[in-house]
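Worksheet for the structure shown next.
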Amino acid sequence: MKTKRLFKENPYLVSSEAMILESLPFEGHTAVILDRTVFFPEGGGQPWDLGRLTIKTGSCRSYAVIKVIEHEGEILHVLDTSDDVPVNSVCLLELDWQRRFDSMQRHTGEHIFTGVFDKLFGGTNRGFHMGDDYMTIDIALEDRAKVDTITWDMVKEAELRSNEIIYKDMPMIVRHFDSFEEASKEPMRKPLTIEEDITLVGFGSTDYDWACVACCGTHLKSTAQVGLIKAFKLESNKGMYRIYFEAGRRAFVKYQEEMETLHTLGRKMSAGTDDILSKYDAQTEKNKEKSFQLSMLKKEVVSRECKRIVKALSDNAYEGLPCERYSILTLDDLTQLGRALSPSIKKVFFLVHEPSTTVLLVSDGKNNCGKLVKENASIYNGKGGGNDILARAIFTKTEYVDTFMDLIEKHLR
Ligand SMILES: [Zn+2]
């Protein structure tokens, strides 16, 4: 490793001079290796830093640093250029501090939340994801587990205790160890898996085994700078429990956004946050009642329509093949009507649903409706299907419905 990691000693360093040791092509861009850097490469679930690199001599050219990764044991700073960058020149490094601070708030927040989970319930963090929209941890209930399940109330308890650790403004304790022997003597919640150059990160006290873990990321000075930790979802995932949460400024912004949603909903329902749930429940009850009344009314309408049509059929009131058109009843209602009419139909009866340019063919089974649709609907770009007594054909234009019905009538004449 040629590069001194300045962020390791001081994660608050936003700029530094550095010497360019090597320049090499990488993924279509130019990447440089520096003698020192303030840029954290991706690691431990924390994303890489962004920023600028400005050559201080000669051209004084400035480049955006678009990616920083560890590659074959070196830290590569990928630049927004594919041009050669002069080796052995001095440059100024400037960090996108807003992005780094955001990462540090989230990352430190995760340390606190996971530590508290371990302390309260003995849950082991088996996976951490820091995404664009949320962070997740996967908690496994293993040997250290004090519980046999994780509930939302437990997540809320851990969230409250985590925020109490924020209020207490505890110091974040970052200690570097050269050897495994030295580091492994310290109290910590997870066995060490790295052999050398070990950094142990904890908070509050070095005696808190639940708060201490090996980590390569960058951390805040104190728990207070995290500001806020907020969990918002719990789900089971492959035998573990996945908790969605946020920390820092993002947790606050998310809270603001969700309050906006709640207030908008409240305005629409003429309710405040204190009575929105009771108003919603009352509205749901009313809706249930209305749905029931509507279904009874529809049954009544379908039954009356059926009686009216059967009478009209017996009075020979229709010319040619009988047809009725509807726009208020739904296709499902017409299907009910079709089934009820079926025993009374001599040849074929058409029920047209105008909003969806769909025609239902109804028969007593002697004329196969499904077959009629299958063989003729496609002539007018229609599609559909059905059985002997009931079939539907769906068209793209109203005039196709009429020409289709004319064609069926000619077939059955
Ligand atoms: Zn960490």
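In terms of the Cα gyration tensor, with a ≥ b ≥ c the square roots of its eigenvalues, is the range 213-257 rounded because a/c is under 1.5, prolate because a/b exceeds b/c, or oblate? It comes out oblate by the Cα gyration axes.
Based on the inverse mean of 1/r over its pairs of different Cα atoms, what is the Kirkwood hydrodynamic radius of the range 60-216, in Å?
Answer for the range 60-216: a Kirkwood hydrodynamic radius of 18.3 Å.
Taking neighbour Cβ counts within 10 Å as the exposure measure, how do Asp96, Asp332 sort from fewest upward? Please report the intermediate quantities before stating the final value.
Details: Asp96 16, Asp332 10.
Fewest-to-most Cβ neighbours within 10 Å comes out as Asp332, Asp96.
Convex hull volume per residue, computed on the Cα atoms of the range 18-88, equals 85 Å³.
Loop sites by DSSP among the GluC sites (Glu not before Pro) of the chain, restricted to those with at most 15 other Cβ atoms within 10 angstrom, leave 196-318 as the longest stretch without any of them.
Under the rule a/c < 1.5 gives rounded, and otherwise a/b versus b/c splits prolate from oblate, where does the range 316-412 land using the Cα gyration tensor?
Numbers: a/c = 1.31, a/b = 1.11, b/c = 1.18.
Verdict is rounded for the range 316-412.
Given the rule -39500 (n - 2.57) for each run of at least 4 DSSP H residues, summed and divided by the residues of the chain, what is its mean residue ellipticity at 222 nm, to the nearest 500 deg cm²/dmol? After summing the helix terms and dividing by residue count, I get -11500 deg cm²/dmol.
With a Förster radius of 35 Å applied to the C-beta separation of Asp133 and Ser278, the computed FRET efficiency comes to 0.65.
Seen against the Cα atoms of the chain and their longest principal axis, helix 97-121 is set at about 80 degrees.
Each of Met135, Leu220, Gly382 was placed along the dipole of the chain (beta-carbon charges, centred on the mean Cα), and the one lying farthest toward the positive end is Gly382. Multiplying the residue separation of Lys397 and Ser236 by 0.36 nm and subtracting their alpha-carbon distance yields 53.1 nm.
If you take the Cα centroid of the range 339-413 and the Cα centroid of the range 1-74, the two points sit 71 Å apart.
Between the Cα long axis of helix 152-167 and the first principal axis of the chain there is an angle of about 30°, rounded to the nearest 10. Straight-distance candidates among the lysines for linking to Lys119, with alpha-carbon spacing under 20 Å and chain neighbours fewer than 8 residues away dropped: Lys146, Lys156, Lys168, Lys185, Lys190, Lys230.
For the chain, rounded, prolate or oblate, judged on the Cα gyration tensor with a ≥ b ≥ c (square roots of eigenvalues), a/c < 1.5 rounded, else prolate if a/b > b/c?
Numbers: a/c = 3.51, a/b = 2.24, b/c = 1.57.
Prolate, since a/c reaches 1.5 and a/b exceeds b/c.
Principal-axis analysis of the Cα atoms of the chain puts helix 398-412 at an angle of about 50° to the longest axis.
Here, each number is a calculation from the coordinates, and none is a lab measurement. It should be emphasised that the depicted structure is a prediction, and the values quoted were computed from it without experimental measurement. Cβ coordinates were reconstructed from backbone atoms using ideal geometry, including for glycine residues, and neighbour counts include every protein chain displayed.
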